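The values are calculated or read from the model by the stated rules, or taken from the named source; none is laboratory data. Note that the structure is predicted; figures quoted are calculated from it, not measured. As a convention, Cβ positions derive from the backbone with ideal geometry for all residues, glycine included, and neighbour counts pool all protein chains shown.
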Amino acid sequence: MSKANLWPPREEIAWYPRINQDLCIKCGSCVEFCMHGVYSRQGDKVVVSKPYECIVGCEACRHRCPAGAISFPTREELRQMLKALREKYGTGNSSNKQ
Ligand code: SF4
Ligand code: SF4
C-alpha cells in the first residue's frame, strides 16, 4: 500500500469544537473526556485551547456535554473543506492531468 500522505497540514483543516459560552455550565466533562487535551480550564471558563489536537471527524465530546454547548462543522462542511484542500495540495483520488 502507498505510504503517501493523503492529508493536508492539520492547521488548515478547520475541524475542532466550539463552545457556546452562553450555554456552557463549566462542568468540565469535556476537559476530562478528551484524551487529546483539546479543552482546558482558563480561570472560571472552559475553553478550546488546542483546537488542532482534535481528531478530524471525531465528535465524541459533543455527546458528553450536558448543556448542548459544543458544536462542530457539519459533515458536508468537512467534506467540502477536505475536497478543497486535496485539490490545493494535489492529493487524493482526483485524476492528475500533467
Ligand atoms: S472531538 Fe474527539 S478529539 Fe476532538 S475534542 Fe472532542 S473528544 Fe477530543
Ligand atoms: S461539557 Fe459542555 S457544559 Fe461542560 S464544560 Fe464542556 S462545554 Fe461546558
- Message: Yes or no: the range 4-20 includes at least one residue that is away from ligand 1 (no atom under 14 Å from the Cβ), touching a strand residue (DSSP E or B) at 6+ places or on another chain (Cβ under 8 Å) and modelled with pLDDT of 95 or more.
- Response: yes
- For residues that are surrounded by 14 or more Cβ atoms within 10 Å (Cβ to Cβ) and under 10 Å from Cys30 (Cα atoms), scanning just the range 61-79, find the one that is nearest to ligand 1 (Cβ to nearest atom). Cys61
- Within the range 24-46, which residues are more than 7 Å from ligand 2 (Cβ to nearest atom), part of a loop (DSSP other than H, G, I, E, B), touching a residue at least 12 places away in the same chain (Cβ under 8 Å) and more than 14 Å from the chain's Cα centre (by Cα)? Asp44
- Within the range 47-65, how many residues are in contact with a Gly (Cβ under 9 Å, 6 or more places away or on another chain) and in a helix (DSSP H, G or I)? 2
- Query: Which residues, taken from the range 21-44, are surrounded by 14 or more Cβ atoms within 10 Å (Cβ to Cβ) and either among the hydrophobic types (A, V, I, L, M, F, W, C) or at pLDDT below 95 (or both)?
  - Reply: Cys24, Cys27, Cys30, Val31, Phe33, Cys34, Val38
